[in-house]
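S.K.: For reference, the structure I am asking about is given below.
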């Protein structure tokens, strides 16, 4: 299993798609923007119906203009104009993808819709440091995670499920940063955490007393980097190649949560 995670370069969009379990019938992509994930799923996963939600009024027109899909793929796509889950109506997706900004706002605005989901797949562009603690307070647990680089930028992509055993149980010292990545002895993890520390340092220096979660996160970054480097050395047989900048992904998720 470990070797499969680092087998070949994988794009961020493909990594997100791979975390949608087999057997899923309906997926909603909230904030689909250019619709690359929707087009990818329509072509790769004929078993899935995809709902796209985007608040830009011309997003659907742009999507159909850019993606010349066959009729059978078009029939499995529904594009809605709106913000978050509020426009879904009677639609009941099992998996929701959020791969942009404002995840907490979107989730908090529609607790009933979120409660009906089996899985969240997230590839956050902002607030990466505090998203995992937020999910924990809502009884969501990260069950799969990937780390990759694309265009000289790090991306953390993970899947979370409700009412799963806490991801703090296995190793309370690593859950803030991705226990699964430490268990994988991921070769990019140490470099990713060092970059994250550099990015967050200015925020911490100007943070007020209410920013407890951010301060706690940053205080644990140093020990986490040391642990990630040690795990990577173990994986490399003592050579310690933790700074190699490659793209890594994984295959499609084999099952739902649990």
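What follows draws every value from the coordinates through simple rules; no lab data is involved. If you're wondering where the values come from, they're calculated on a predicted model, not measured in any experiment.
S.K.: Rg over Rh of the range 189-234, using C-alpha atoms and the Kirkwood radius, what does it come to?
M.R.: Radius of gyration over Kirkwood radius for the range 189-234 works out to 1.06.
S.K.: Give me the extension gain from residue 78 to residue 199: residue separation times 0.36 nm, minus the current Cα-Cα distance, reported in nm with one decimal.
M.R.: Fully extending the segment from residue 78 to residue 199 adds 39.8 nm.
S.K.: So, one more: Need the full-extension length gain, residue 116 to residue 233, defined as separation in residues times 0.36 nm minus the C-alpha distance. One decimal, nm.
M.R.: Going from the current span to full extension adds 37.9 nm.
S.K.: Something else now. Quick one: of the DSSP bridges fully inside the range 80-201, what percent are antiparallel, nearest 5? Numbers along the way, then the final one.
M.R.: Working: 13 of 17 bridges.
Roughly 75 percent of the DSSP beta bridges within the range 80-201 come out antiparallel.
S.K.: Still on this structure, please answer the following. Taking every alpha carbon pair in the range 14-136, what does the distance histogram look like in 5 angstrom bins from 0, in percent?
M.R.: 2, 11, 23, 25, 22, 12, 4, 1, 0
S.K.: Mind jotting down a quarter of the surface of the convex hull over the alpha carbons of the range 66-206, in square nanometres, one decimal?
M.R.: Here the figure is 11.2 nm², rounded to one decimal.
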